[in-house]
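The values are calculated or read from the model by the stated rules, or taken from the named source; none is laboratory data. Small disclaimer: the values here were computed from a predicted structure and weren't measured. Positions of Cβ are backbone-derived with ideal geometry, glycine not excepted, and every protein chain shown enters the neighbour counts. Please note that ligands, DNA and RNA were not included when accessible areas were found on the heavy atoms of the full protein model with its side chains. Shrake-Rupley method; radii C 1.70, N 1.55, O 1.52, S 1.80 Å.
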Amino acid sequence: MEEKINITVANERLVSLFEFLEELKRQLDDNQWRKTIFTSISHEDLENFLKISALFAISELDLIVAIKQIESPKYRWEEIFFVKSIYLTIYEVLITYNKYSKFLNEHVNQRDESVKEKYKSITEKLKYFKQEYKYSSEIGRIRNNVSGHISVNFNSYYETVLQFDRRKVIKMSRDFFTIMEDIHNFLIFILLLEKAKIEDGVKYVQSSLPRHLANFVVDIQTTDNITAKNNLTEKFDSMINEIKEKNNQ
């Protein structure tokens, strides 16, 4: 028997994901990420993680709306329309995600084994999904000839949409949801890890600031302004390097 989508859960997910998108927008606009001087990761890399998170949140929102509609369509063409949308979304998500693969691989390789294992698991699930649902041949063909364009070969177009298997599409969507959730959690894990490093770095500098400022005042009194400023700069550079070395361990 075909498993039905839980509409209540789906609606709750729609609300939570949209709120997550709003939070991502705030994070992208938040100057706190400029404090990446306290981490081994650049501000640009953190923005990439936020953008990939947004990609999967938006895609899951689109898929939830589409799959809700094909559960009980009033007309056959409504079902066809949303099935086309599902194929298009999955294809485009994987194309965009692939563009970030080099960035993710390079970043993960700098992490500990637990992070590498999480990422390896996701990569293997994606590989299996592409094989199971014939990403290059079937999904790509439907995207190119039906979902992304209306093929001039009417017979091919019409036969393709009439052969859509709703149960297969629902299962494919569910399997893709699982992978997206894994990627979502992985990216959030990385972001929270880096945010914690930034917060720790800021706290360390703040706690050391009174002592360094006191030394700066003494330097001004015993030497000259230039020497005092240079000494203070060296202290700050030393603190930041110490924090970065600690984060790299």
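Observations, loosely collected:
- Unmet criterion (only one of (1) modelled with pLDDT under 85; (2) within 30 Å of Arg26 (Cα to Cα)) for Lys118: (1)
- Scanning segment 156-176 for residues that are open to solvent by 40 Å² or more (accessible area, probe 1.4 Å) and of a type outside the set (D, E, K, R) yields Ser156, Tyr158, Leu162, Gln163.
- Test for Glu124: is it open to solvent by 20 Å² or more (accessible area, probe 1.4 Å), in a helix (DSSP H, G or I), more than 25 Å from Leu192 (Cβ to Cβ) and at pLDDT 85 or above: no
- Entry remark, segment 127-145: residues being of a type in the set (Lys, Arg) and either at positive phi or assigned to a loop (DSSP other than H, G, I, E, B) (or both) number 1 in total.
- Among the residues listed as Glu181, Glu234, the single one being at pLDDT 85 or above, open to solvent by 50 Å² or more (accessible area, probe 1.4 Å), out of contact with any His (no Cβ under 8 Å at 6 or more places or on another chain) and acidic (Asp, Glu): Glu181
- Residue count for segment 87-101 under the criterion of being more than 22 Å from Arg167 (Cα to Cα) and open to solvent by less than 100 Å² (accessible area, probe 1.4 Å): the result is 6.
- Residue-level analysis places Ser16 outside the set of residues that are of a type in the set (Ser, Thr, Tyr), within 25 Å of Glu138 (Cα to Cα) and modelled with pLDDT under 80.
- Condition check for Asn11: open to solvent by 40 Å² or more (accessible area, probe 1.4 Å), at pLDDT 85 or above, part of a helix (DSSP H, G or I) and out of contact with any helix residue (DSSP H, G or I) (no Cβ under 8 Å at 6 or more places or on another chain): no
- Flag if Ile90 is aliphatic (A, V, I, L, M), in a helix (DSSP H, G or I) and in contact (Cβ under 8 Å) with a residue 60 or more places away in the chain: yes
- Of the residues in segment 69-86, none is modelled with pLDDT under 80, within 21 Å of Ile188 (Cα to Cα) and open to solvent by 20 Å² or more (accessible area, probe 1.4 Å).
- Subset of segment 52-79 [without any contact (Cβ under 8 Å) to a residue 12 or more places away in the chain and not hydroxyl-bearing (Ser, Thr, Tyr)]: Pro73, Lys74, Arg76, Trp77, Glu78
- Picking from residues in segment 102-121 that are open to solvent by 60 Å² or more (accessible area, probe 1.4 Å) and among the polar types (S, T, N, Q), the one that is farthest from Asp165 (Cα to Cα) is Gln110.
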